[in-house]
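Reading through the structure tokens given below for one structure.
FYI, it's all coordinate maths here, none of it is from the lab. Treat the numbers as computed from the prediction; the structure is a model and nothing was measured. We place every Cβ from the backbone using ideal geometry, glycine too, and count neighbours over all the protein chains shown.
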Ligand SMILES: [Zn+2]
């Protein structure tokens, strides 16, 4: 699917529709000392309950495609909002129009 780089979206800081520029959203690396990560590591080391984590992983991995998400930047005030297409697809391109 091809999307234009600039689209009009509602900006809640400006209170009206303004032009937004789209940018691909990438997840940051998870923090190793965060609580969830520490628990995972503990379960891996000790071995107990490891089957639970494996089962959880298999249920989340079986879908191959992700819902494309973008960061949309308001051209007036510069605030970022998420722009999500609520449909799974293989490939999305941003195109200059
Ligand atoms: Zn704005």
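The table below lists the values:
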quantity	calculated
Zone of residue 2's modelled label, taken as backbone nitrogen in region 13-31 under 19 Å from a point 7 Å along Cα→Cβ	22-24
Ranked 19, 93, criterion: other C-beta atoms within 10 Å, fewest first	93, 19
